[in-house]
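The values are calculated or read from the model by the stated rules, or taken from the named source; none is laboratory data. In this text the structure is predicted, and so the values were computed from the model without any measurement. All Cβ positions, even for glycine, are placed from backbone atoms using ideal geometry, and neighbour counts span all protein chains on display. What goes into the accessible areas is simple: the full protein's heavy atoms, side chains included, and nothing from ligands, DNA or RNA. Shrake-Rupley method; radii C 1.70, N 1.55, O 1.52, S 1.80 Å.
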Amino acid sequence: MKNSILSGIQPTGELHIGNYLGSLKNFVELQDEFDCYFCIVDLHSLTEEFEPGAAKRKQILDIAATFLAAGLDPAKSTLFIQSHVSAHAELAWIFNTITPMGELERMTQYKDKSSRQQANINAGLFDYPVLMAADILLYKPTHVPVGHDQIQHLELTNTIVRKFNHKFGQTFNEVKIYAQKPLRIMSLSEPERKMSKSEPGSFINMFDEPEEIHKKLAKAVTATDAPAGQMPKGVANLFELLTHFGSPADHERLMKEYQGGTIKYSELKQVLGDAIANYFAPMRVKRAELEKNPDQIIKIFTAGAKKAQIVAQATLAEVKQKIGLI
Ligand code: TYM
């Protein structure tokens, strides 16, 4: 049987290049080889502050258009919106009943987010990883493509797998992260932390205009302390980005200059900025084109939800039967 893949992205604003490299880029590459399910996790996004109504709808549509513009193909992958498949919320409730509070209290993302949004530490924020486990396990995937920051959530998913199987009989298999070395793209402003939407100055968005990209890179920190013989973290991050977006020839030349002590960071930033802008230019055009016809986007994702529902309902029925719900 073909290995299968599930992953999700929150609609909380434009995706940054860390999101792209850690997840979406892999999704596009995986869809030829695997049976893929990719969802926009709108229910997860409600755990953060947001503007309701038209602004939230726009965030969801923007990510849907971004999926398509990046090359996800509804003929190859099942693309859907989480809230269109109610089994996600139902299975999350069932998993809630076997997930120890202590496991959720340990989650670093919960600790981080609750310290940042102290006025809104809602139960959903605490429960977030359980809903994520339900998203994943409904489709019984073998692998989950995510960035480094999601490893702890996948470990919790596997704890839930073991607890469920132990209590109700073999139903789920443990999942693996898809990546030899899960990516952690670092912040431009504080290179010891990850690039994150919630830290202004830390990120470049996929669809930033070229001038904006250059402006953000100009402020990127390069002069951090590093142990003798080691590259400063900020510089290492710029070189890592150049590996993904630039040409091998530019990377080699600039690395030689770095090693020879002749590098000008302004030139590294100029080359990298151009490379990022060029890389995303065709996607930027494609997304603008797609957004002219939101009904078509909604149609694609509604059709995807119908396909996802069949698989999700089958798993939910199996779960209910194992538990003894009638
Ligand atoms: P979200 O929307 O916050 O992030 C989407 C993806 O981007 C990755 N990512 C990064 N990768 C590398 N470097 C970074 N600096 C960086 N920042 C973010 C994240 O690891 C993620 O892969 N909890 C998930 C959403 C989710 C999900 C799921 C994922 C809900 N249910 C089921 C997989 C399967 C999240 O953080 O999304």
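Looking only at segment 73-101, how many residues end up being open to solvent by 20 Å² or more (accessible area, probe 1.4 Å) and either of a type in the set (D, E) or assigned to a helix (DSSP H, G or I) (or both)?
9
Scan segment 104-131 residue by residue and report those that are out of contact with any His (no Cβ under 9 Å at 6 or more places or on another chain), of a type in the set (S, T, N, Q), within 16 Å of the ligand (Cβ to nearest atom) and without any contact (Cβ under 8 Å) to a residue 60 or more places away in the chain.
T108, S114
Return the pair list, or none, for Cβ contacts closer than 8 Å from residues in segment 90-103 that are under 13 Å from V161 (Cα atoms) and in contact (Cβ under 8 Å) with a residue 12 or more places away in the chain to residues that are of a type outside the set (A, V, I, L, M, F, W, C) and in a helix (DSSP H, G or I), at least 6 apart or on different chains.
Every condition considered, the pairs that remain are L91/T315; A92/D127; N96/D127; I98/K163; I98/K167; T99/T159; T99/K163.
Can you give me the number of residues within segment 9-37 that are open to solvent by 30 Å² or more (accessible area, probe 1.4 Å) and within 7 Å of the ligand (Cβ to nearest atom)? Don't jump to the end; show me each part of the working.
From segment 9-37, those open to solvent by 30 Å² or more (accessible area, probe 1.4 Å) are 12, 14, 19, 25-26, 28-29, 32-33, 35; that's our starting set.
Cutting the leftovers down to within 7 Å of the ligand (Cβ to nearest atom) gives us 12, 19.
Qualifying residue count, segment 9-37: 2.
Counting only residues that are modelled with pLDDT of 95 or more, part of a loop (DSSP other than H, G, I, E, B) and over 15 Å from V271 (Cβ atoms), which one in segment 198-220 is most open to solvent (accessible area, probe 1.4 Å)?
Pass one, segment 198-220, residues modelled with pLDDT of 95 or more: 202-220.
Then drop every residue that is not part of a loop (DSSP other than H, G, I, E, B), which leaves 202-204, 206-209, 219-220.
Pick out the ones that are also over 15 Å from V271 (Cβ atoms) and you get 202-203, 206-209, 219.
On the way: S202: 0, F203: 36, M206: 1, F207: 28, D208: 19, E209: 96, K219: 158 Å².
Ranking the candidates gives K219 first.
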